[in-house]
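The values are calculated or read from the model by the stated rules, or taken from the named source; none is laboratory data. None of these values were measured; they are calculated from a predicted model. We place every Cβ from the backbone using ideal geometry, glycine too, and count neighbours over all the protein chains shown.
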Amino acid sequence: MSQQSLEHATGCSMHEPFALQVLGDSMEPEFPDRCIVIIEPGDHCRDGMYIFAEVEGVRWFRAYRHDPDGREWLIALNDLYPEIELTGLQWQVLGVIIQRNVRRKVKHYKYGVGETQAPQVPLTDLTGRG
């Protein structure tokens, strides 16, 4: 299916959860290299969710953070990788991670009201503005 037909697809399959394999260590230790994640397609997210997003044409798996001042970031769990500040960039949520499978050990991520939230990823202020 071409990129253009994907953008205009309306079939129910475009709304079904799908699996991807994590490549690399940017989301370790929670999501080790080569683990499988299940993504529920959608275009909304909240602070603290693990998401699959497209930023300026590049797709990322990261934790989403939103601060009280309205600034937004994608955060890698591995400190070796930089934060991606989303303010002023063209970006969209493609889906939310709802499950992880590491060597047949499954962990579910629930984000609804009153349910267990994903761990909060700390923000690091790199601006010096405190």
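How many residues are touching a residue at least 40 places away in the same chain (Cβ under 8 Å), surrounded by fewer than 20 Cβ atoms within 10 Å (Cβ to Cβ) and touching a strand residue (DSSP E or B) at 6+ places or on another chain (Cβ under 6 Å) if we restrict to segment 60-72?
Let us first name the residues in segment 60-72 that are touching a residue at least 40 places away in the same chain (Cβ under 8 Å), namely 61, 63, 65, 67.
Keeping just the survivors that are surrounded by fewer than 20 Cβ atoms within 10 Å (Cβ to Cβ) gives 67.
Filter again for touching a strand residue (DSSP E or B) at 6+ places or on another chain (Cβ under 6 Å), leaving none.
Total meeting the criteria: 0.
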Discussion item. Can you confirm whether ALA118 is surrounded by 15 or more Cβ atoms within 10 Å (Cβ to Cβ), small (Gly, Ala, Ser) and at pLDDT 95 or above?
Written reply: no
Worksheet item: Does any residue in segment 35-59 that is surrounded by 13 or more Cβ atoms within 10 Å (Cβ to Cβ) and hydroxyl-bearing (Ser, Thr, Tyr) come within less than 6 Å, Cβ to Cβ, of a residue that is part of a strand (DSSP E or B) and modelled with pLDDT of 95 or more six or more places away or on a different chain, and which pairs are these?
Response: TYR50/ALA63; TYR50/ILE97
